[in-house]
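First up is the structure itself, then whatever we jot down about it.
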Amino acid sequence: MQMRKIKNKGFLKNIAVLAGGTSVARALSIAASPLLARLFTAEDFALSAAFVSAATLFVILATGKYEAAVILPDDDDAKILLTGIFLLSGTVALISPLALFLLGNFNAACRLIIENNLLIYFVIFVFCMAVLEGIRYYFVRTGRFKAVSYRIILVSLVTVTLNLIGGKFFYSNKILIISSTFAQITALLLFAYLLFGKEKFPDFGLKDIFRILKKYRRFPKLTMPGQFINSLTGSLPVLVLSSFYLQSEIGQFAFVHRIISIPTGVIGKSVSQVFLQKISKADYAEQRRIFLRTAFLLFVFITACAVPCIVFSRELFGFAFGEKWLPASETAVILAPAYILQFAASGVSGPVFIVNQKLKTEFFLQIMRFVLVAGSFAAAYFFGVSFAVSMIFFGAAMSIWYILGFLKALSILNKGLKEGK
């Protein structure tokens with residue numbers, strides 16, 4: 001019993017360390033948002049969103065999701081696998097400009113990156129992010145959670161500081177991207193110091209690396225496609241709509257998503273982690289009770305917070321961010337139902353699939369999400385609607401997906417309860 005208490009205490013301490021780092025980073029971003037809104041334009045945020053959206057997809061390809069396997073093997077294999085991730089990251093990062101040139105023939109977001117001479121930053125950003133993911137998983141493996149937390153805080157601090165200084169004294173439409181890139185470089189230097197300062201790597205060659213990569217090939221085969229589809233769907237608004245609408249309109253959307261996702265993400269992720277722990281060892285009856293109760297409380301909480309923000313959206317955006325961001329308030333109102341459903345339903349649906357090992361169901365839902373979002377944008381293009389109407393289509397698609405995910409999770413619990421499990 002005493003040993004279990006010690007383990008639980010350590011587990012909670014690790015969660016607190018990671019949550020603390022994330023909270024500090026998000027707090028810095030929230031505090032800087034009103035200043036950044038006055039220093040930069042919607043077009044600047046659109047360019048940054050296009051850059052990050054494209055880079056995120058290349059990071060997944062660069063790691064092959066091998067980083068998730070770093071936790072599994074023995075120490076020597078883990079270090080060889082980590083080195084393999086370094087090589088893969090460098091290779092994909094170096095060829096990414098060629099891919100951007102090819103994609104730029106029919107995608108405006110990729111053309112933005114090329115036309116603004118951001119390829120060198122793109123290569124560095126992709127490489128740093130991919131390598132950082134590999135090292136992060138290695139630190140999780142070895143229980144070095146403080147290092148992971150330090151990285152989160154450092155990236156946010158460097159990004160915010162450089163954005164404010166650059167926006168005030170050295171303005172350029174590239175500042176948001178330059179700041180993010182230098183923040184990743186700084187984080188990589190920190191991780192490299194912490195990794196190589198304490199860890200000794202065994203002698204091995206390319207044959208050993210290829211052997212380990214082949215041994216864990218199921219991760220790029222099985223894990224990477226789902227993660228790629230998930231990230232691609234999240235990036236679709238920026239990557240697709242950039243070809244149909246003004247850069248300023250895309251920037252308004254990117255800014256709204258940035259502002260809303262920061263606070264809701266911190267609270268929602270924390271609730272989801274606790275919810276997952278609560279239902280992990282509960283029977284179906286208890287899972288169902290906790291599921292419905294948590295979803296109801298989340299819905300009441302987020303609705304109570306959202307209604308005043310919706311009613312006074314123009315006043316709030318004008319006061320906090322300036323008159324030039326008033327169009328963003330309209331986008332926020334349009335997407336409010338989707339954000340409410342995301343907060344109330346998504347955080348409790350996902351853990352149900354995990355605990356009850358319904359991973360195929362979750363993967364199918366991710367594909368459905370992609371189809372719904374892509375379909376909403378195809379409809380917007382086909383009917384030639386305004387940007388505001390395209391946001392209505394997008395919000396409706398996401399709302400439908402959150403509801404379907406919630407209902408599917410509930411049906412799993414009802415079926416288990418009916419079968420007497």
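Side notes on the structure shown:
- Distance between region 58-137 and region 302-324 - C-alpha centres, whole angstrom: 38 Å
- Sites residue 38 and residue 201, calculated FRET efficiency, Cβ-Cβ separation with R0 60 Å, nearest 0.05: 0.80
- Within region 35-136, chymotrypsin sites (Phe, Trp or Tyr not before Pro) in DSSP loop having at most 16 other beta-carbon neighbours inside 10 Å: 106
- Three principal axis extents describe the C-alpha atoms of the chain; from largest down they are 56, 56, 39 Å.
- Electrostatic bookkeeping for residue 196 treats Lys and Arg as +1 and Asp and Glu as -1; over the other residues with beta carbon under 14 Å from its beta carbon, the sum is +3.
- Mean separation of Cα contacts under 8 Å, 6 or more apart, over the residue count of the chain: relative contact order %: 21 percent
- Taking a sphere under 12 Å around the Cβ of residue 231 and counting the other residues whose Cβ falls inside, with K and R at +1 and D and E at -1, yields a net charge of +2.
- Across region 273-393, C-alpha contacts under 8 Å between residues 6 or more apart give a mean separation that, scaled by the residue count, equals a relative contact order of 28 percent.
- Residue 193 paired with residue 292, simple spin-label distance in nm, labels 7 Å along Cα-to-beta-carbon: 5.4 nm
- Relative to the Cα centre, the charge distribution of the chain, modelled as +1 at Lys and Arg Cβ and -1 at Asp and Glu Cβ, gives a dipole magnitude of about 1660 debye.
- Net length available on complete extension from residue 407 to residue 300 is 36.7 nm, with 0.36 nm assigned per residue and the Cα-Cα distance removed.
- Neighbourhood net charge (14 Å Cβ-Cβ; Lys/Arg +1, Asp/Glu -1) for residue 322: 0
- Between residue 323 and residue 400, the FRET efficiency from the beta-carbon distance, with R0 = 35 Å, is close to 0.55.
- Checked against a 29 Å cut-off, the cross-linked pairs 65/358; 215/415; 65/408; 146/174; 79/281; 79/146 give Cα-Cα distances beyond that limit for 215/415; 146/174; 79/281.
Just so you know, all these numbers are worked out from the coordinates, no wet-lab data involved. Because the structure is predicted, anything quoted here is derived from the model rather than measured. Here Cβ is always computed from backbone atoms with ideal geometry, including for glycine, and neighbour counts include all displayed protein chains.
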